Amino acid sequence: MDKRIEEFQRLLDIMDELREKCPWDREQTLESLRKLTIEETYELGDAILKNDLNEIKKELGDLMLHIAFYSKIGSEKGAFDIGDVLEGINKKLVYRHPHVFGNVDVQGSSRKVEENWESLKLKEKGGNKRVLEGVPAAMPALVKANRIQEKASGVGFDWEYKEQVWDKVKEEVEELSTEILNVDEDKMEAEFGDLFFAMVNAARLYGIDPEAALERTNLKFIRRFNYLEGETLMKGKDLKEMSLKEMDKIWDEAKKKE
């Protein structure tokens with residue numbers, strides 16, 4: 001037997017047994033698992049950012065367990081089982097890839113593939129699906145902004161030339177500056193949001209994942225700040241006792257070491 005099929009069946013068998021014999025597993029519901037699944041997804045994201053392939057493998061296993069768990073609960077409710085889940089995604093993949101499983105020509109363009117994908121999604125559910133449906137309300141704002149823009153672009157609502165986005169960024173900076181001078185906190189917040197949205201759009205147009213870019217900067221700041229703090233402690237000082245000039249000097253050392 002194919003190892004993939006064998007191990008997948010073993011997971012399902014283990015899940016059946018856990019659901020029957022383990023008090024903790026028996027008590028879980030769709031709702032109680034939700035926050036754990038979100039946590040596992042973030043852990044997978046961390047492993048991907050670290051490019052730790054062994055850790056990625058482990059975290060994928062954890063997520064696979066959650067898929068099996070949700071499917072088991074679904075079968076107990078008589079709603080669906082793992083077979084239905086797999087059948088559904090298989091049908092969706094074939095339907096949304098007519099350039100692979102049909103006769104649609106995308107001329108080797110990944111951009112065209114994305115446009116077809118969004119167009120096909122709109123045709124589902126009898127053609128009554130709205131463009132921005134399917135963007136989770138609970139999705140983090142930065143990721144949500146990027147996904148909203150991708151979906152809008154998929155139906156042609158986008159800049160004609162990507163360079164045009166910088167005029168929008170400049171416009172939002174000017175509007176924010178005006179509200180800062182007016183000391184209007186509510187409008188300042190709104191304009192900050194518009195500026196962030198424009199910058200996410202710019203990142204998308206230039207093929208940059210804004211979430212990954214920001215996290216890269218977060219990690220860089222953490223590394224440099226940890227170096228600053230470590231050097232300060234080695235000198236027997238406290239950061240609160242140091243001048244900004246002293247801290248900047250050590251900060252520059254951290255930058256040079258990278």
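Listed values, structure above:
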| read-out | value |
| --- | --- |
| Some residue of the stretch 39-50 being surrounded by 16 or more Cβ atoms within 10 Å (Cβ to Cβ), of a type outside the set (K, R), outside the structural domain of P136 (by TED's automatic domain parsing) and touching a His at 6+ places or on another chain (Cβ under 8 Å) | yes |
| Matching helices (runs of 4 or more DSSP H) fully within the stretch 175-258 where at least 3 residues are under 25 Å from V165 (Cβ atoms) | 185-205, 210-234 |
| Qualifying position, being among the β-branched types (V, I, T), over 28 Å from D248 (Cα atoms), in contact with a Pro (Cβ under 8 Å, 6 or more places away or on another chain) and not assigned by TED's automatic domain parsing to the domain that holds D46, among V165, V200, V183 | V200 |
| Enumeration of residues in the stretch 1-49 that are among the β-branched types (V, I, T) and either under 16 Å from the mean Cα position of the chain (by Cα) or closer than 30 Å to L214 by Cβ (or both) | T37, I38, T41, I48 |
| Filter pass, M1 being surrounded by 12 or more Cβ atoms within 10 Å (Cβ to Cβ) and more than 30 Å from R216 (Cβ to Cβ) | no |
| Residues (out of contact with any Leu (no Cβ under 8 Å at 6 or more places or on another chain), surrounded by 12 or more Cβ atoms within 10 Å (Cβ to Cβ) and among the hydrophobic types (A, V, I, L, M, F, W, C)) located in the stretch 80-100 | F80, V85, L86, V94 |
| Q164 vs. criteria closer than 23 Å to V131 by Cα and either in contact (Cβ under 8 Å) with a residue 40 or more places away in the chain or assigned to a helix (DSSP H, G or I) (or both) | no |
| Where F80 falls short, out of the listed (1) in contact with a Gly (Cβ under 6 Å, 6 or more places away or on another chain); (2) within 27 Å of V143 (Cα to Cα) | (2) |
| Filtered residue count, the stretch 179-203, keeping only those that are exposed (fewer than 13 other Cβ atoms within 10 Å of the Cβ) and on the phi < 0 side of the Ramachandran plot | 5 |
| When residues of the stretch 204-258 are limited to those that are surrounded by 14 or more Cβ atoms within 10 Å (Cβ to Cβ) and hydroxyl-bearing (S, T, Y), the one farthest from G45 (Cα to Cα) | T232 |
| Search result, residues across the stretch 54-94 that are small (G, A, S) and assigned to a helix (DSSP H, G or I) | G61, A68, S71, G74, S75, G83, G88 |
| So I5, is it over 20 Å from K77 (Cβ atoms), modelled with pLDDT under 95 and not polar (S, T, N, Q) | yes |
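The values are calculated or read from the model by the stated rules, or taken from the named source; none is laboratory data. Keep in mind that what you see is a predicted model, and the values were worked out from it rather than measured. For neighbour counting, all protein chains shown are included, and Cβ atoms are generated from backbone atoms with ideal geometry for every residue, glycine included.
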